[in-house]
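Novice: Handing you this structure, nothing more for now.
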Amino acid sequence: MSDTNLDPAEDAPHRRFNPLTGDWVLVSPHRTRRPWQGKQETKTPDNRPAFDPKCFLCPGNLRAEGERNPAYHDTFVFPNDFAALLPESIAPDSGSELLRAAPASGECRVICFSPRHDLTLPEMDTDAITRVVDVWADQIRELGAKWRWVQVFENKGEIMGCSNPHGHGQVWAGDYLPTLPAREDERQRDYFASHGASLLLDYVADERRRGERIVVEGEHWTALVPYWATWPFEMLLLPHRRAIPRLPDLAPSERSDLAQTLRRLLIRYDNLFETSFPYSMGWHGAPTGDLQEKDTAPWQLHAHFYPPLLRSATVKKFMVGYEMMAEAQRDLTPEQAADRLRALPETHYKEQAG
Ligand code: H2U
Ligand code: ZN
């Protein structure tokens, strides 16, 4: 390496361990100096009307399969017309040990965050975001009575393959513990068995002492770039004051603080590249259904945010090459990402004077 400004303590390539998944990530800080001549995505113009007569999610409109949305006023939940999981499942039997299948039944819903076609979460007020938090919690409670894993998520932005700009999320509930939550379940239980404490509560306490990766701190909630983050501006959002296994367990004050912390975080995200910041986010909590009765003490509720953008509204990070073949890798360090997000204002760029 011919770079003379290299600080070996800060810039040397190294690997970091993700205790929630057991995965490693290669961190190569010196590579942030590399020039970019690759693909630029086009910036989607952000001037939507408050109501779009052709939108499948706007109040009063017809959906793709002919159902009509009610004239809803805050949030609205409906069964996904193209559900990935159905209530009945039969697995194909190949008769071969190497061609294995398993049944997978469940149900899928869509959650509209607001009747307004032009608003995303960071542009909604805290009360309206609190109602979204309540809907998330209600969905987990209701669907969790029947299904083992209820995945609440939001896939935001065209760059993430999101089909509709109207602010919405989804819920997929199924009768099995999917791959990633199963790993988190196992690792949190292992940690609890060996330490007698919650992995994520220990982790967030450590991070709050250090401070360098914290982006937003509320009364109950912390948003931080995890030490082991793989996406450039990845975020972990979790309650730091007490053990809380699932969204429905949140007290009213914890729900409004979540709404406020979310709003502050998402405004920073939008301000980073002055664009409606794309990401996939989702909630992880203790499993439900017939797994509900298992000890929940190892589990701490949290949300992951995985945004694809790297250096501008149009330059995306690709998980390719070494990352597809060997292990995730990042150039920008989690500490640098947290610094950049912390330096931004908490007034949305669309509302800033000038
Ligand atoms: P995404 O843009 O994140 O894919 O979310 C849109 C979801 O809404 C998608 O899962 C559903 C799609 O199946 N949908 C309906 O259920 N009804 C419609 O009329 C349009 C889209
Ligand atoms: Zn709409």
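The values are calculated or read from the model by the stated rules, or taken from the named source; none is laboratory data. Just so you know, these numbers come straight off a predicted model, no measurement behind them. We place every Cβ from the backbone using ideal geometry, glycine too, and count neighbours over all the protein chains shown.
Novice: Restricting attention to segment 96-121, and to residues there that are within 23 Å of Val152 (Cα to Cα) and among the acidic types (Asp, Glu), which single residue is farthest from ligand 1 (Cβ to nearest atom)? Spell out how you get there, then give the answer.
Specialist: Start the filter on segment 96-121 by keeping residues that are within 23 Å of Val152 (Cα to Cα), which leaves 102-121.
From the residues that got through so far, the ones that are among the acidic types (Asp, Glu) too are 107, 118.
Working: Glu107: 12, Asp118: 16 Å.
Per the criteria, the residue is Asp118.
Novice: Please find, among Pro103, Pro122, Pro53, the residue that is out of contact with any strand residue (DSSP E or B) (no Cβ under 8 Å at 6 or more places or on another chain) and outside any loop (DSSP other than H, G, I, E, B).
Specialist: Details: Pro103 fails: outside any loop (DSSP other than H, G, I, E, B); Pro53 fails: outside any loop (DSSP other than H, G, I, E, B).
Testing whether each residue is out of contact with any strand residue (DSSP E or B) (no Cβ under 8 Å at 6 or more places or on another chain) and outside any loop (DSSP other than H, G, I, E, B) leaves just Pro122.
Novice: Of all residues in segment 95-148, which are acidic (Asp, Glu) and farther than 16 Å from Leu177 by Cα?
Specialist: Step one: list which residues in segment 95-148 are acidic (Asp, Glu), which gives 97, 107, 118, 123, 125, 127, 134, 138, 142.
Result: Glu97, Asp118, Glu123, Asp125, Asp127, Asp134, Asp138, Glu142.
Novice: Restricting attention to segment 287-332, report how many residues are more than 19 Å from the chain's Cα centre (by Cα), farther than 22 Å from Leu224 by Cα and of a type outside the set (Ser, Thr, Tyr).
Specialist: Residues in segment 287-332 being more than 19 Å from the chain's Cα centre (by Cα), farther than 22 Å from Leu224 by Cα and of a type outside the set (Ser, Thr, Tyr): 16 in total.
Novice: Considering (1) out of contact with any helix residue (DSSP H, G or I) (no Cβ under 9 Å at 6 or more places or on another chain); (2) away from ligand 2 (no atom under 16 Å from the Cβ); (3) part of a loop (DSSP other than H, G, I, E, B), say which one Cys162 fails and leave the rest.
Specialist: (2)
Novice: Look at Val225 and say whether it is in contact with a Leu (Cβ under 6 Å, 6 or more places away or on another chain) and not hydroxyl-bearing (Ser, Thr, Tyr). Steps first, please.
Specialist: Working: in contact with a Leu (Cβ under 6 Å, 6 or more places away or on another chain): no; not hydroxyl-bearing (Ser, Thr, Tyr): yes.
No: the conditions fail for Val225.
Novice: List every residue pair whose Cβ atoms lie under 7 Å apart, where the two residues are 6 or more positions apart in sequence or sit on different chains, the first residue falls within segment 252-264 and is within 12 Å of Asp127 (Cβ to Cβ), and the second residue, located anywhere, is at pLDDT below 95 and among the β-branched types (Val, Ile, Thr).
Specialist: The qualifying pairs do not exist here.
Novice: On the given criteria, is Gly169 within 12 Å of ligand 1 (Cβ to nearest atom) and on the phi > 0 side of the Ramachandran plot? Write out each step before concluding.
Specialist: Values: within 12 Å of ligand 1 (Cβ to nearest atom): yes; on the phi > 0 side of the Ramachandran plot: no.
Considered against the rule, which asks whether it is within 12 Å of ligand 1 (Cβ to nearest atom) and on the phi > 0 side of the Ramachandran plot, Gly169 comes out as no.
Novice: Do you know which of the residues in segment 128-166 that are within 16 Å of ligand 1 (Cβ to nearest atom) and of a type in the set (Gly, Ala, Ser) is surrounded by the most Cβ atoms within 10 Å (Cβ to Cβ)?
Specialist: Gly157
Novice: If you don't mind, another one. Only one of these is in a strand (DSSP E or B), among the aliphatic types (A, V, I, L, M), more than 17 Å from His304 (Cα to Cα) and touching a helix residue (DSSP H, G or I) at 6+ places or on another chain (Cβ under 7 Å): Ala243, Ala173. Name it.
Specialist: Details: Ala243 fails: in a strand (DSSP E or B).
The match here is Ala173.
Novice: Do you know which of the residues in segment 65-84 that are outside any strand (DSSP E or B) and more than 10 Å from ligand 1 (Cβ to nearest atom) is surrounded by the most Cβ atoms within 10 Å (Cβ to Cβ)? Working first, answer last.
Specialist: Restricting attention to segment 65-84, the residues satisfying the condition of being outside any strand (DSSP E or B) are 65-67, 69-75, 80-84.
From what is left, the residues that are more than 10 Å from ligand 1 (Cβ to nearest atom) are 70-75.
Numbers: Pro70: 9, Ala71: 10, Tyr72: 16, His73: 9, Asp74: 16, Thr75: 20.
Selected residue: Thr75.
Novice: From (1) under 29 Å from Pro245 (Cβ atoms); (2) part of a loop (DSSP other than H, G, I, E, B), pick out the condition that doesn't hold for Ala338.
Specialist: Every condition holds for Ala338 apart from (2).
Novice: Looking only at residues in segment 178-200 that are buried (at least 18 other Cβ atoms within 10 Å of the Cβ) and more than 17 Å from the chain's Cα centre (by Cα), which one is farthest from ligand 2 (Cβ to nearest atom)?
Specialist: Ranking the qualifying residues of segment 178-200, first place goes to Tyr191.
Novice: Out of (1) in a loop (DSSP other than H, G, I, E, B); (2) β-branched (Val, Ile, Thr); (3) without any contact (Cβ under 8 Å) to a residue 40 or more places away in the chain, what's the single condition that is false for Thr222?
Specialist: Here Thr222 meets the rest and fails (1).
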